[in-house]
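Some notes on the structure that comes next.
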Amino acid sequence: MSLKIYNSLTHTKEEFKPLVKGRVGIYVCGPTVYSHSHIGHAKSYVSFDVIVRYLRYRGYNVTYVQNITDVGHLLGDLDEGEDRLLRQARLEQKHPMEIAETYARSYFEDMDTLNILRPDISPRATGHIIEQIEIIKTLIDKGYAYEVNGSVYFDVAKDAEYGKLSGRNTEEAEPGTRVEVRAEKRHPNDFALWKKASPEHIMQWSSPWGMGFPGWHIECSAMSMKYLGETFDIHGGGMDNQFPHHECEIAQSECATGKPFVRYWIHNNLVTVGGKKMSKSLGNVILLKDLFKKYHPLIIRFFILQSHYRSTLDFTDEALEGAAKGWEKLMNTMRNIKLGLLKKDGLKRGTQGTQIDLNGFKSAFLEAMDDDFNTAHAIAVLFDITHEVNSALSEGKVSKVLLEKVDSILSELGGTVLGIIPVRLEPQSDAERSLEADLIQLIIDLRDEVRAQKLWSLSDKIRNGLTKLGIVVEDKKEGTIWRRTH
Ligand SMILES: [Zn+2]
């Protein structure tokens, strides 16, 4: 079995072969830190988190770099408009670096909550101005860039390959594009590498072309190549960044080094809200901090991974409720398994217990993940496993040895790889684990006696008390069962 990745550069699923055997360098465009993260950020960074986790699970030594953009990302994306951080600093009456710090912390807090592993390196654009200036100098020396009035532009006409990623090489001038900016460029498609700063511009640095600040695209070229080399394995980002951002990254990096920049481009699709594009102007941006108040963060993660990263994800309350039900099902099975492990082996001596083809399920899971990280299919395999183990448990035909194996495989695939099964389900110690379960069972047994004496109000009181503690009690024909709700 080999891992196949859909490469946006070639528009085909290709077998993944890293540049150096056993190692993978991956760069993913990080957030521009001027506001709290929304569900779109969650989709992107959960998807790349699973990609990194899976590469590691497959034995690769992965270096994961994800930048923090704290300068140069303009409102218009096309060398126009105010710097997003500066605008927010003005609105909040704070220093831009305070804005960067506030929202970078908020970002990591939300990503940690979503069980996203931190990147190995989180470089900030403002910490890499020298590296960016160096690349711009090289591009000017090689004739790919030119300076006008203290700004430097990339000369798109000099790069015959410009447009090879997105199939686009022209950009529509956005309404309101200033005439002076267009006049500075030799061609409207040329993009800024360095922008001259007006004296009142707070974030500016000295350069061979005077005081200014870097363009957004050059940041990613500088930071990715610094930590991963001039050619590296995987570059990821949102589909909306294919053009112009990634197209420009390729152009400036390859013209500067004369080498291929990235071997596999992975693009993650966007989130829609009730079928509509999510945007500030439509007022339908869903912030993660609000969502966390309504749903367990792992339900959001589960919801995202239920669809493939290249599909759009439509957010509706119903869809999230559906995901919540699915995730709870998975959690209940995990709890039942843990509970089963605490009990004495229910099988009579010499009885053959249920067999589950765990190796077969594991292969199916790996096959799904090898097929361009198909998490939707991989989750379906987890449910196939839970289906079998649940019926075996309800029939009392499951051996402890098998339960242990199921527990370990679900924790491995659903926990380590997909990150949807929380670690906290793992008991802290055997003593604590059995004491808690024993105490709950003792209360249930006492309640059964109370019921046998028809003391209904006392029995209800016990049940309500347990519900408040997050333990649901159900009276069934075959006896009383209980499960946790969180
Ligand atoms: Zn980028």
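The values are calculated or read from the model by the stated rules, or taken from the named source; none is laboratory data. The structure displayed is predicted, hence computed values, not measured ones. Cβ atoms come from the backbone with ideal geometry, glycine included; neighbour counts cover every protein chain shown.
Couple of notes before you dig in:
- Any chance Cys220 is within 15 Å of the ligand (Cβ to nearest atom), buried (at least 22 other Cβ atoms within 10 Å of the Cβ), among the hydrophobic types (A, V, I, L, M, F, W, C) and within 23 Å of Ile51 (Cβ to Cβ): yes
- Residues being touching a residue at least 60 places away in the same chain (Cβ under 8 Å) and either closer than 14 Å to Tyr107 by Cβ or not in a strand (DSSP E or B) (or both) - total across region 18-31: 6
- Considering region 256-371, the qualifying strands (runs of 3 or more DSSP E), each wholly inside and each with 3 or more residues that are buried (at least 16 other Cβ atoms within 10 Å of the Cβ) and in contact (Cβ under 8 Å) with a residue 12 or more places away in the chain, run over 262-268, 271-273.
- Region 373-384 residues that are within 18 Å of Ser411 (Cβ to Cβ) and touching a residue at least 12 places away in the same chain (Cβ under 8 Å), paired with ones that are surrounded by 15 or more Cβ atoms within 10 Å (Cβ to Cβ) and charged (D, E, K, R) (beta carbon under 9 Å, 6 or more apart): Val381/Lys362
- Considered as a group, the residues in region 84-111 that are in a helix (DSSP H, G or I) and polar (S, T, N, Q) include one that is farthest from Asp49 (Cα to Cα), and that residue is Gln88.
- Scanning region 432-486 for residues that are at pLDDT 85 or above and among the acidic types (Asp, Glu) yields a total of 4.
- Residue match in region 193-202 (condition: touching a helix residue (DSSP H, G or I) at 6+ places or on another chain (Cβ under 9 Å), at pLDDT below 95 and surrounded by fewer than 20 Cβ atoms within 10 Å (Cβ to Cβ)): yes
Residue-wise test of (1) among the small types (Gly, Ala, Ser); (2) more than 32 Å from the chain's Cα centre (by Cα).
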{"residue": "His201", "(1), (2)": "no, yes"}
{"residue": "Pro208", "(1), (2)": "no, yes"}
{"residue": "Glu219", "(1), (2)": "no, no"}
{"residue": "Ala222", "(1), (2)": "yes, no"}
{"residue": "Glu230", "(1), (2)": "no, no"}
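- Near pairs, Cβ below 9 angstrom, 6+ apart or cross-chain, from region 214-226 (within 20 Å of Gly238 (Cβ to Cβ) and acidic (Asp, Glu)) to any residue that is within 10 Å of the ligand (Cβ to nearest atom) and in a helix (DSSP H, G or I): Glu219/Ala125
- The listed residues are Leu55, Leu74, Leu3, and the only one of them that is within 16 Å of the ligand (Cβ to nearest atom) and of a type outside the set (Ser, Thr, Tyr) turns out to be Leu74.
- Subset tally (residues that are under 21 Å from Met225 (Cβ atoms) and without any contact (Cβ under 8 Å) to a residue 60 or more places away in the chain) for region 154-167: 1
- Contact map, region 452-474: residues that are at positive phi paired with residues that are modelled with pLDDT under 90, Cβ distance under 7 Å, separation 6+ or inter-chain. Pairs shown: Gly470/Arg484; Gly470/Thr485; Gly470/His486.
Residues are listed down the side, and each one gets a yes or a no for (1) within 13 Å of the ligand (Cβ to nearest atom); (2) modelled with pLDDT under 95:
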residue: Asn189; (1), (2): no, yes
residue: Pro208; (1), (2): no, no
residue: Phe232; (1), (2): no, no
residue: Gly238; (1), (2): yes, no
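- Residues of region 241-282 that turn out to be among the basic types (Lys, Arg) and not assigned by TED's automatic domain parsing to the domain that holds Val65, as a count: 3
- Test result for Tyr64, in contact with a Pro (Cβ under 6 Å, 6 or more places away or on another chain), assigned to a strand (DSSP E or B) and within 16 Å of the ligand (Cβ to nearest atom): yes
- Residue count for region 98-124, restricted to those that are of a type in the set (A, V, I, L, M) and under 23 Å from Lys226 (Cα atoms): 4.
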